[in-house]
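Here's the structure, in structure tokens; my notes come after.
Bear in mind these aren't lab numbers, they're just calculated from the coordinates by the rules spelled out. Being a predicted model, the structure only gives us computed values, none of them experimental. With ideal geometry, Cβ positions are generated from the backbone for all residues, glycine too; neighbour counts draw on all protein chains shown.
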Amino acid sequence: MIRRIFLCRATGTDPHENLALEQYLLEHVEPESCILYLWQNRHTVVLGRNQNAWQECRCAQLEADGGFLARRLSGGGAVFHDLGNLNFTFLVPTQDYDLERQLSVVAQACLGLGLSVERSGRNDVLCQGRKFSGNAFYSHQGKSYHHGTLLVDVDLEAMARYLSPSPAKLQAKGVASVRSRVVNLKQLCPQLTVEEMGRQMELAFGQVYGLPVEIMDPRQLDAQAIQALTEHNRSWSWLYGRKLPFTLQCAQKFDWGELTVQLKADEGVIQEAAVYSDAMDWTLAPQLEAALTGCPLERQALEHRLVEFPKELRELLQSAL
């Protein structure tokens, strides 16, 4: 049961620092507590944990324009952040994780602005049929978080310029572009600012949980530990990962997300595997990589190795042989 709730606001707009603070808060959230973390990134594309940076983002264009590339711990797809966007994260012990309650805070905050919202698909929140919030989820060692975006006044031209989702993803959503399926809340509530959105989130947080909101100052946290996490978030290996010289590749879109598998094989045995996905389950890609590594390139061997994975995934890999 949640007995105390805390609000933490990031003091800067560096995505690597903000994601580091998010991870630190997750690791240190206390029993029977919930932290609402509000943060903003400047000119940033944030990748899902298992996505291919070069496939999902126009990295060279982003870098040339002085933007940042970042990668989060959770699964899901790539998103664009600027100072017209407010990010939120609910951090709790896993036993107290309650997605419906957490999303109720978002809904209540919007209601305070005179806006009603609805959920759609696996992770979107809509207002008047258009997406203004995408959500993702992560759990580790008994701690969990749920985070998402709140598009208040985002530069939609920049969003379309840097994000490069596959045609299959857009076709599945029945739209022609990234920009056409999203909406800034400011379009629906012209006087809205990011500051007011944050104030409404704080008010709704207290209302939904029925507890006083205690303010947490990030400057009083372990700066050295947060800095170490920041450096990791800035590292090339975390942002881009390895680029596999693959000998076999297959890709498909499923109901639960897109999947691309690259295999490096030698003498009929898979030596390395790279799996990229926007699946909400961030554990799928590393588990699949481990299962494929060392497997003979034979249909029966793949069937045996992948028996615990979805049938459609096994069929995809077998069809590529």
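Observations on the structure shown:
- Fully extended contour minus Cα-Cα distance, from Val213 to Thr11, at 0.36 nm per residue: 70.9 nm
- Put the Cα centre of segment 93-152 next to the Cα centre of segment 252-288 and the gap is 28 Å.
- Helix-only mean residue ellipticity at 222 nm for the chain, each DSSP H run of n ≥ 4 adding -39500 (n - 2.57), per residue, nearest 500: -9500 deg cm²/dmol
- Sites Val269 and Trp54, calculated FRET efficiency, Cβ-Cβ separation with R0 22 Å, nearest 0.05: 0.25
- Each Lys or Arg adds one and each Asp or Glu subtracts one; over the other residues with Cβ under 13 Å from the Cβ of Ala107, this totals 0.
- The number of Lys pairs in the chain with C-alpha atoms less than 22 Å apart, excluding pairs fewer than 8 positions apart on the same chain, is 11.
- Based on Cα contacts under 8 Å between residues 6+ apart, segment 216-270 shows a relative contact order of 23 percent.
- Simple point charges give the picture: +1 on the Cβ of Lys and Arg, -1 on the Cβ of Asp and Glu, and for the chain a dipole about the Cα centre of about 620 debye.
- Contact order relative to length of segment 1-135, as percent, for alpha carbon pairs under 8 angstrom and 6 or more apart: 23
- Mean-position separation - Cα centroids, segment 70-85 and segment 2-41, in angstrom: 16
- The packing ranking, built from the mean of other Cβ atoms within 10 Å per residue, places the peptides 69-81, 33-45, 128-140, 214-226 in the order 69-81, 33-45, 128-140, 214-226, highest first.
- Net charge dipole, segment 170-321: roughly 540 debye, given to the nearest 20, about the Cα centre with Cβ charges of +1 for Lys and Arg and -1 for Asp and Glu.
- Residues of segment 254-269 with amide N under 15 Å of the 7 Å Cα→Cβ point at Arg242: 262-266
- As a length-normalised measure over Cα pairs under 8 Å and 6 or more apart, the relative contact order of the chain settles at 20 percent.
- Counting every alpha-carbon pair across segment 26-172, the share separated by more than 21 Å comes to 46%.
- Debye intensity ratio I(q)/I(0), log10, the chain, q values 0.06, 0.07, 0.10, 0.12 Å⁻¹ (C-alpha model): -0.22, -0.29, -0.60, -0.85
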